[in-house]
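Below is one structure, written out as structure tokens, with a few remarks after it.
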Amino acid sequence: MNYLVRTIVLAGAVFSAGVRADELAAGTYADYVSEAGEIRLPEGYRQRWSHLGSWIVADQKAPGHGFHDV
């Protein structure tokens with residue numbers, strides 16, 4: 001009996017998490033990421049987002065060379 005209850009609870013949690021993830025994707029990142037994976041920033045993001053920091057990759061041969069803001 002205990003095994004059956006745990007199985008039902010686990011199945012419900014897995015199913016509901018998948019539904020919530022789909023709903024979240026539809027209203028958040030799906031608006032800013034194309035099917036090809038191209039990322040577009042929302043309008044006014046510089047006024048609404050907090051600047052967390054900056055760094056530079058100085059080696060010109062390294063991937064991600066240049067100045068980065070997050």
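The values are calculated or read from the model by the stated rules, or taken from the named source; none is laboratory data. Given the structure is predicted, the values throughout are model-derived calculations rather than measurements. Glycine also receives a Cβ, built like all others from the backbone with ideal geometry; neighbour counts cover every protein chain displayed.
Applying a threshold of 6 Å to beta carbon distances and a minimum spacing of six or more residues, or different chains, the list of pairs starting in the stretch 42-68 at a residue that is free of Cβ contacts under 8 Å to residues at least 60 places away in the same chain and farther than 23 Å from Ala30 by Cα and ending at one that is among the small types (Gly, Ala, Ser) and not in a strand (DSSP E or B) reads Val57/Gly64.
Residue-level analysis places Tyr3 outside the set of residues that are surrounded by 10 or more Cβ atoms within 10 Å (Cβ to Cβ), modelled with pLDDT under 75 and of a type in the set (Phe, Trp, Tyr). Does Ala30 satisfy the criteria of being among the aliphatic types (A, V, I, L, M), out of contact with any Asp or Glu (no Cβ under 8 Å at 6 or more places or on another chain), modelled with pLDDT of 65 or more and surrounded by 10 or more Cβ atoms within 10 Å (Cβ to Cβ)? Considered against the rule, which asks whether it is among the aliphatic types (A, V, I, L, M), out of contact with any Asp or Glu (no Cβ under 8 Å at 6 or more places or on another chain), modelled with pLDDT of 65 or more and surrounded by 10 or more Cβ atoms within 10 Å (Cβ to Cβ), Ala30 comes out as yes.
The residues of the stretch 33-52 that are closer than 18 Å to Val70 by Cβ and either touching a strand residue (DSSP E or B) at 6+ places or on another chain (Cβ under 6 Å) or of a type in the set (A, V, I, L, M, F, W, C) (or both), listed by number, are Val33, Ile39, Leu41, Trp49, Leu52.
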